[in-house]
Amino acid sequence: MIPNYQEFMRPFLEVVDSASGQEVKLRDVINKLADRFDLTDGERQQTLPSGKQSILDNRVGWARTYLTKAGLLETTRRAHFVLTPRGKEALSDPGAKIDNAYLKQFDEFIAFKTQSNDSDVTEDDNNNSQDITPDEALRVAYKKINDALAQDILDRTRKVTPAFFEDLLIELLVAMGYGGTGEGAAHALGKTGDNGVDGVIDQDPLGVDQIYIQAKRYAEGNNVSAGDIRDFFGALNLKKAQKGIFITTSDFTSSATDTAQSLGTRIVLINGTELAKLMLRYNIGSRDEQVLHLKKIDEEFFEN
């Protein structure tokens, strides 16, 4: 298990201290800390949801930031550090737990936290929120907001009329790149209940390949069964179709999922949760309220 960023603070100082006054490279510290905590290859490579940075690098990086702002570390050049006298003094007490609570004794750290509007200046350091980095806290909050919004958008979708639901799916499929134009997609998806198929949409603008669609606007708990999948499969065979999408606002039973996977025809299952996520992703029934840009230092700019 990857330690939280505060658990990396004292070991970080100890690794730098072991260099006997010589500057230490951040990557070397990260590797040594990974070895010290016996992290597996999977844990070392595990990334944040963005996929752009490993959790290990992120947490060690924030430990480094806090220690530097508190004056226990000094940056000598890009991604290189030495221990300060204050850092040595902190290590001289073997019983001292070096974490945010410890760093709050230093005015520089308090000033940094105040300027960054970090709420944990006044919160209890035993709170679980203290175990994650600001990056992770932001992503946790983002996920909570989106999860609540997805549930709301799914609840509303279950209550719309059949015609509105059909238009909604057309908009979504067009936004995803199917059907060419909205007008063409509407004509393609317009024939409902045609031998077990609710509609067909072009996979490409020229209509070279087509995908057949079955859509069920079901209430929560009214899950799609294996029989429904077999009926759809039979309809696809009648049309000699190779691809199908089965969309429901509820869910699929385990036997329905197994049946879809065992059939020769490619059938993609989209349940209510996935449908809501797609609607959010492509702004169907939702819109961007505010865009936040996360910035980072351009190390090469300052190095050059």
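The values are calculated or read from the model by the stated rules, or taken from the named source; none is laboratory data. Since this is a predicted model, take the numbers as computed values, not measurements. When we count neighbours, we look across all protein chains shown, and the Cβ atoms used for this are built from the backbone with ideal geometry, even at glycine.
Just to confirm my filter: which helices (runs of 4 or more DSSP H) fall fully inside region 1-117 and include at least 1 residues that are among the charged types (D, E, K, R)?
9-17, 26-36, 41-45, 55-69, 85-92, 107-115
Going by what's in this entry, would Val121 be described as out of contact with any Leu (no Cβ under 8 Å at 6 or more places or on another chain), surrounded by fewer than 16 Cβ atoms within 10 Å (Cβ to Cβ), modelled with pLDDT under 80 and under 25 Å from Ile30 (Cβ atoms)?
no
Sort through Ser50, Ser54 and tell me the only one that's within 27 Å of the chain's Cα centre (by Cα), surrounded by fewer than 15 Cβ atoms within 10 Å (Cβ to Cβ) and not basic (Lys, Arg).
Testing whether each residue is within 27 Å of the chain's Cα centre (by Cα), surrounded by fewer than 15 Cβ atoms within 10 Å (Cβ to Cβ) and not basic (Lys, Arg) leaves just Ser50.
Might you check whether a residue that is out of contact with any helix residue (DSSP H, G or I) (no Cβ under 9 Å at 6 or more places or on another chain), modelled with pLDDT of 90 or more and within 27 Å of Leu149 (Cα to Cα) occurs anywhere in region 258-275?
yes
Of everything in region 54-72 that's touching a residue at least 12 places away in the same chain (Cβ under 8 Å) and out of contact with any helix residue (DSSP H, G or I) (no Cβ under 7 Å at 6 or more places or on another chain), which residue is nearest to Pro3 (Cα to Cα)?
This residue is Ile55.
Which residue pairs have Cβ atoms closer than 6 Å, lie 6 or more positions apart in sequence or on different chains, and pair a first residue in region 139-166 that is more than 10 Å from Ala276 (Cα to Cα) with a second residue that is modelled with pLDDT of 85 or more and surrounded by 15 or more Cβ atoms within 10 Å (Cβ to Cβ)?
Arg158/Thr249; Phe165/Arg217
Give me the residue from region 130-177 that is among the acidic types (Asp, Glu) and under 24 Å from the mean Cα position of the chain (by Cα) and, out of that set, modelled with the lowest pLDDT.
Filtering first and then ranking leaves Asp131.
Being surrounded by fewer than 18 Cβ atoms within 10 Å (Cβ to Cβ), among the basic types (Lys, Arg) and assigned by TED's automatic domain parsing to the domain that holds Tyr102 narrows it down to one residue among Arg10, Arg27, Arg64; which is it?
Arg27
Go through region 219-238 residue by residue and tally those that are of a type outside the set (S, T, N, Q) and surrounded by fewer than 16 Cβ atoms within 10 Å (Cβ to Cβ).
Residues meeting the conditions: 8.
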